[in-house]
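The values are calculated or read from the model by the stated rules, or taken from the named source; none is laboratory data. These figures come from a predicted structure and were not determined experimentally. Positions of Cβ are backbone-derived with ideal geometry, glycine not excepted, and every protein chain shown enters the neighbour counts.
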Amino acid sequence: MKISSVFSGPARIKLSYQFAGSVTALLVILIWLGSLVFGLIRPVSWNDPWIYIHVLIQTHLYTGLFITAHDAMHHLISPNRNTNHGYGILAATLFMLNNYAGLYAKHHQHHLYVGTEKDPDYHPGNVWIWYFKFLKEYVSIWQIIGVGILFNLMALFFDQTNLFLFWIIPAVLSTFQLFFFGTYLPHRGDFAESNIHKARSFPKKHVLAFLSCYFFGYHYEHHDKPFIPWWMLWREREKSQVS
């Protein structure tokens with residue numbers, strides 16, 4: 001699979017990010033996997049409030065998988081091209097068999113044509129119509145078939161209730177988390193002509209920004225400096241004068 005960048009400068013990861021990028025990506029993937037395995041093997045009691053908390057944690061970790069794949073799309077995990085895209089392919093595949101190459105092409109199209117009819121992430125109007133079109137853009141019938149086959153294979157080893165609670169439902173919830181905090185809120189509405197990125201950022205509340213979408217609510221900063229990894233966006237927001 002050949003993957004090429006549409007960006008001409010930021011493709012080289014900064015020296016100071018090289019080690020941290022790989023470690024961060026690996027930690028996100030391993031924590032997601034550990035949380036999933038724990039959820040699949042634990043007995044389910046509907047009276048246990050930790051079950052629901054675990055679902056929310058797993059949702060947030062699924063979002064982390066996509067953010068990891070996203071950083072790979074911007075060449076921010078490793079200076080080694082194969083290693084960088086290897087992390088991206090792994091993270092995207094673990095997130096319900098997403099196609100990394102397809103995501104890569106559409107995400108770079110989003111950066112090139114943000115807020116226009118050529119932007120695959122932009123669908124002005126009602127939030128639910130936008131969300132439906134967002135799903136239609138990124139979820140394929142082959143992906144659904146593949147997940148169905150994988151579910152039935154995994155059901156040979158794990159309880160179906162656990163599979164729904166900790167594998168299926170968090171993935172679905174995460175798509176809305178990514179859409180709402182990482183696409184809809186930053187790009188909805190009109191923008192001044194001076195706002196060339198047609199994006200806005202959340203207030204400088206870093207804990208909430210991390211919990212909502214791994215700092216991707218600081219969206220103007222991401223579009224302005226796409227060579228900054230997700231875990232450094234809070235620092236860019238601190239320096240930003242954008243309200």
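Considering only segment 54-95, how many residues are without any contact (Cβ under 8 Å) to a residue 12 or more places away in the chain and either assigned to a loop (DSSP other than H, G, I, E, B) or at positive phi (or both)?
Number of matching residues: 1.
Taking the criterion of being loosely packed, with under 14 Cβ neighbours inside 10 Å, without any contact (Cβ under 8 Å) to a residue 24 or more places away in the chain and of a type in the set (A, V, I, L, M), would at least one residue in segment 127-140 satisfy it?
Looking for residues that are loosely packed, with under 14 Cβ neighbours inside 10 Å, without any contact (Cβ under 8 Å) to a residue 24 or more places away in the chain and of a type in the set (A, V, I, L, M), one finds at least one in segment 127-140, hence yes.
Quick check on segment 110-122: of everything there that is in contact (Cβ under 8 Å) with a residue 40 or more places away in the chain and in a helix (DSSP H, G or I), which residue is surrounded by the most Cβ atoms within 10 Å (Cβ to Cβ)? Give the derivation first.
If we filter segment 110-122 for residues that are in contact (Cβ under 8 Å) with a residue 40 or more places away in the chain, which is where we start, we get 111-112, 114-115, 121-122.
Retained after the next criterion (residues that are in a helix (DSSP H, G or I)): 111-112.
Numbers: 111: 17, 112: 12.
Going through the qualifying residues, I end up with 111.
Can you tell me how many residues in segment 11-50 are over 16 Å from residue 71 (Cβ atoms), surrounded by 14 or more Cβ atoms within 10 Å (Cβ to Cβ) and either at pLDDT below 90 or hydroxyl-bearing (Ser, Thr, Tyr) (or both)?
Total satisfying the criteria: 1.
Looking only at segment 61-88, count every residue that is surrounded by fewer than 21 Cβ atoms within 10 Å (Cβ to Cβ) and within 14 Å of the chain's Cα centre (by Cα) and tell me the total.
Counting residues in segment 61-88 that are surrounded by fewer than 21 Cβ atoms within 10 Å (Cβ to Cβ) and within 14 Å of the chain's Cα centre (by Cα) gives 1.
Return only the number of the condition from (1) without any contact (Cβ under 8 Å) to a residue 40 or more places away in the chain; (2) buried (at least 21 other Cβ atoms within 10 Å of the Cβ); (3) within 15 Å of residue 66 (Cβ to Cβ) that residue 237 does not satisfy.
Of the numbered conditions (1) without any contact (Cβ under 8 Å) to a residue 40 or more places away in the chain; (2) buried (at least 21 other Cβ atoms within 10 Å of the Cβ); (3) within 15 Å of residue 66 (Cβ to Cβ), the odd one out for residue 237 is (3).
Regarding residue 63, is this residue in contact with a Cys (Cβ under 8 Å, 6 or more places away or on another chain) and not aliphatic (A, V, I, L, M)?
Details: in contact with a Cys (Cβ under 8 Å, 6 or more places away or on another chain): yes; not aliphatic (A, V, I, L, M): yes.
Yes.
Looking at residue 8, is it out of contact with any Pro (no Cβ under 7 Å at 6 or more places or on another chain), at pLDDT below 95, part of a loop (DSSP other than H, G, I, E, B) and small (Gly, Ala, Ser)?
On the way: out of contact with any Pro (no Cβ under 7 Å at 6 or more places or on another chain): yes; at pLDDT below 95: yes; part of a loop (DSSP other than H, G, I, E, B): yes; small (Gly, Ala, Ser): yes.
Yes, satisfied.
Restricted to segment 123-165, and to residues that are at pLDDT below 95 and hydroxyl-bearing (Ser, Thr, Tyr), which residue is farthest from residue 54 (Cα to Cα)?
Filtering first and then ranking leaves 140.
In segment 194-224, what residues are loosely packed, with under 14 Cβ neighbours inside 10 Å and either over 25 Å from residue 127 (Cβ atoms) or among the polar types (S, T, N, Q) (or both)?
The one that is loosely packed, with under 14 Cβ neighbours inside 10 Å and either over 25 Å from residue 127 (Cβ atoms) or among the polar types (S, T, N, Q) (or both): 194.
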